[in-house]
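Chemist: Just dropping this structure here.
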Amino acid sequence: MKRELLYGCAYYLEYMPYEQLKEDLEMMSNAGMNVVRIAESTWSTLEPADGVFDFSFIDRVLDETEKRNMKVIIGTPTYAIPSWMVKKDANVMVMTKEGRAAYGHRQTMNIMSETYRFYAERVIRKLLAHTADRAHVIGFQIDNETKHYGNAGHEVQTLFKEYLKEKFHTTECFNAAFGLAYWSNSIHDWEDLPDMCGCINGGLVSEFEKFKRTLAAEFLQWQSELVKEYKREDQFVTHNLDFEWKKFGADIAQDGYSYGVQPDLNHYEASKCLTIAGTDIYHPTQDALTGAEIAFGGDEIRSLKNDNYLVLECQAQAFKYWTPYPGQLRLHAYSHLASGADGLLYWNWHSIHNGYETYWKGLLSHDLNTNPAYEEACMFGKEWKELGNELLHMKKKNQVALVIDNQSLTALEWFPIDRELSYNDVIRWMYDSLYEMNIECDIVDINALEMQKYQMIVTPALYSAAEDTIQKFREFVESGGILVSSFKSFVCDEHLSVYADAQPHELTECFGMSYNQFTDPGKMKLKGRPVAYFAELLKPAGAESLASYEHKYWSAYSGITHHAYGEGHAYYIGCYTAKESLKEIYRLAAGQAGIRVPQKEWPVIIRSGENPYGRQLHYLLHYSENMSETDCPYEKVKDLLTGKEYRKGDQILLKDWDVLLLEEI
């Protein structure tokens, strides 16, 4: 099948208030769209009663898209179950520490229920048998934004006990690993293992969370294996991995955006069963548009398989916050490609007229007619149709890795840095500072980190680190690498037992400092800039103090240190301070790593890679309503969108929310 940039939307004929299939597909074609994703939300329509299947809606969409040479991605409909199944077995609803979920919302099923698995397998097999041989079906999305859903039912508790027995062998080893003598939590027979819903041991609860993430990944693996029995070799298997959701304003699900590492699924573990990674990314817009969420999500998903990926859901317009200013929808779209996306699909085509997501609007508004968002989508859809081969499959080779870790995330939910500062806040503080400086990076799970690939590694709050991992970091620096670590890094082992020596554990020589106290910053400053939330009182022992605390009582301690160790350098940032201070450290570290730091910073963002023809392509993205100018940093380039050529030092005019695609020539 011909490779091309995918551009389209989720489409649910079942949701439409009246017949408009042909008109919808005609409008999609006029916008340059070439793909729709269907089926994944409609189990109760596909199987209205036990064993009664109706694929008429699917067939109508498949028939009409085929006539227009459009492609289709089929989603397995397993994340929202029909009510008749619950009537047969209440255990298909997930049991959490809050009790049994009530039917109605999506993603409330017990993925370990035999009843649920039976019906899920049956509908998957029926759907795949019915659709896989259609030539224009190019791939399958398994489930939807899968997580463990807080599952703490009987099946999970039983499996967890067997997992612990296999891992620790004896209760003595188990008790010692988690320090369960505390508050009489130790056990002397495996049958005495208590229900995890009441557990107060942070290490053991984190182990339970890790186990549940594994079950969610195995659930996706199970679906993938079913799909592979039916799919052709040229058809892909994907999944729309999502992120922690950051809420703001009123505490409702629609009021927020994709923010950080997903707590309830390990993306690296889950992605192993996929042939191409996919993702859903939602973000602030209007005056709050920075592009950081698009870049963060793309860098994390691309790094899972070191390959291009699909954006299976992104926003068109929704609520009062997401109606894009003119030019912003186009900027969103190119921003996804700039991170390495091979395709972009909106959720969804049309705004639905009832239900929970009535105002999570699609590309079309409720009147189902043309509107400014659709018209802008047509504009860049035409550009993509003309330039698709130039933009497809862009490859990146970044020299910087930012390390993420689900175990540290869970740990810092139990042992918070501050009530107002989460693990993901630290991740985004360190990532966004790189992003704003135009230092591109891979976002790599600690379990997938190949240190030799990178010149510089950043560890935001890597609280949990096993002994062998710590040794690898030490060797990385000793052999010439540049390490930049934040506070709350290298504190405890993989079971969240705090190491019983000077911190950071086994790296005091590498960092040339240690600490054994931390404090609330209060009125503290660093380089004249406020310190917030948390500060470790660092004691240099060979390290250079790059900044000491400005405080009547804490001025004897350093807040940031640098140490030359072996052939490399180690930086430690002991407090949450202004981005300007962090960026100063990044400039020093990048210089020692031989990484060029562009002079231009956000709101001008530069994202680069190699296109399929072996030429360097630079996305120049302007996240501002104000016009500005920037110097061309390249010897000779051509803007693929306008045909205009620039040489080094030429002034490039940037309009509000502008995009340039500069190809080196």
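The values are calculated or read from the model by the stated rules, or taken from the named source; none is laboratory data. Small disclaimer: the values here were computed from a predicted structure and weren't measured. For neighbour counting, all protein chains shown are included, and Cβ atoms are generated from backbone atoms with ideal geometry for every residue, glycine included.
Chemist: Considering every residue within segment 336-354, establish whether at least one is free of Cβ contacts under 8 Å to residues at least 40 places away in the same chain and not in a strand (DSSP E or B).
Modeler: The answer is yes, given that some residue of segment 336-354 is free of Cβ contacts under 8 Å to residues at least 40 places away in the same chain and not in a strand (DSSP E or B).
Chemist: If Ile652 satisfies every condition in (1) closer than 22 Å to Ala292 by Cα; (2) in a strand (DSSP E or B); (3) among the β-branched types (Val, Ile, Thr) but one, which is the exception?
Modeler: (1)
Chemist: Any chance you could count how many residues in segment 517-527 are in a loop (DSSP other than H, G, I, E, B), at pLDDT 95 or above and in contact with a strand residue (DSSP E or B) (Cβ under 7 Å, 6 or more places away or on another chain)?
Modeler: Result for segment 517-527: 2.
Chemist: Residue by residue through segment 597-623, note down the ones that are more than 20 Å from Asn308 (Cα to Cα) and modelled with pLDDT under 95.
Modeler: Across segment 597-623, the qualifying residues are Pro598, Gln599, Lys600.
Chemist: Could you go through segment 149-170 and let me know if any residue there is under 26 Å from the mean Cα position of the chain (by Cα), under 30 Å from Phe55 (Cβ atoms) and among the small types (Gly, Ala, Ser).
Modeler: No.
Chemist: Can you say whether Tyr533 is assigned by TED's automatic domain parsing to the domain that holds Trp414, within 30 Å of the chain's Cα centre (by Cα) and hydroxyl-bearing (Ser, Thr, Tyr), as far as the supplied structure shows?
Modeler: yes
Chemist: Only one of Glu225, Glu218 is surrounded by fewer than 17 Cβ atoms within 10 Å (Cβ to Cβ), farther than 18 Å from Leu127 by Cα and within 26 Å of the chain's Cα centre (by Cα). Can you tell me which?
Modeler: Criteria check complete, one pass: Glu218.
Chemist: Same structure again: Quick check on my filter: what residues within segment 488-514 are in a loop (DSSP other than H, G, I, E, B) and farther than 29 Å from Phe174 by Cα?
Modeler: Gly512
Chemist: If you don't mind, another one. If Glu475 satisfies every condition in (1) surrounded by fewer than 24 Cβ atoms within 10 Å (Cβ to Cβ); (2) in contact (Cβ under 8 Å) with a residue 60 or more places away in the chain but one, which is the exception?
Modeler: So the condition that Glu475 fails would be (2).
Chemist: Would you be able to tell me the number of residues in segment 585-640 that are in contact with a strand residue (DSSP E or B) (Cβ under 6 Å, 6 or more places away or on another chain), charged (D, E, K, R) and without any contact (Cβ under 8 Å) to a residue 40 or more places away in the chain?
Modeler: 4
Chemist: Another question about this same structure. Just checking, which of Met379, Met430 is assigned by TED's automatic domain parsing to the domain that holds His569, in a helix (DSSP H, G or I) and either under 30 Å from Trp657 (Cα atoms) or touching a His at 6+ places or on another chain (Cβ under 6 Å) (or both)?
Modeler: Among Met379, Met430, only Met430 is assigned by TED's automatic domain parsing to the domain that holds His569, in a helix (DSSP H, G or I) and either under 30 Å from Trp657 (Cα atoms) or touching a His at 6+ places or on another chain (Cβ under 6 Å) (or both).
Chemist: Follow-up question, since we're still on this one. Within segment 364-374, is there a residue that is out of contact with any strand residue (DSSP E or B) (no Cβ under 8 Å at 6 or more places or on another chain), in a loop (DSSP other than H, G, I, E, B) and surrounded by 18 or more Cβ atoms within 10 Å (Cβ to Cβ)?
Modeler: Yes: one or more hits.
Chemist: Moving to a separate point now. Could you list all residues from segment 581-611 that are more than 25 Å from the chain's Cα centre (by Cα) and of a type in the set (D, E, K, R)?
Modeler: Those that are more than 25 Å from the chain's Cα centre (by Cα) and of a type in the set (D, E, K, R): Glu584, Arg587, Arg596, Lys600.
Chemist: Does Glu121 qualify as being within 20 Å of Asn266 (Cβ to Cβ), among the acidic types (Asp, Glu) and either at pLDDT 95 or above or assigned to a helix (DSSP H, G or I) (or both)?
Modeler: Judged against the criteria, Glu121 is not a match.
Chemist: While we're looking at this one, here's another question. Any residue at all in segment 570-581 that's touching a Leu at 6+ places or on another chain (Cβ under 8 Å) and β-branched (Val, Ile, Thr)?
Modeler: Yes: one or more hits.
Chemist: So which of Ser555, Ser545, Ser581 ends up being outside any strand (DSSP E or B), among the hydroxyl-bearing types (Ser, Thr, Tyr), at negative phi and free of Cβ contacts under 8 Å to residues at least 24 places away in the same chain?
Modeler: Ser555
Chemist: Take Leu588 and tell me if it is modelled with pLDDT of 95 or more and either in contact with a helix residue (DSSP H, G or I) (Cβ under 9 Å, 6 or more places away or on another chain) or over 29 Å from Pro530 (Cα atoms) (or both).
Modeler: In short, no.
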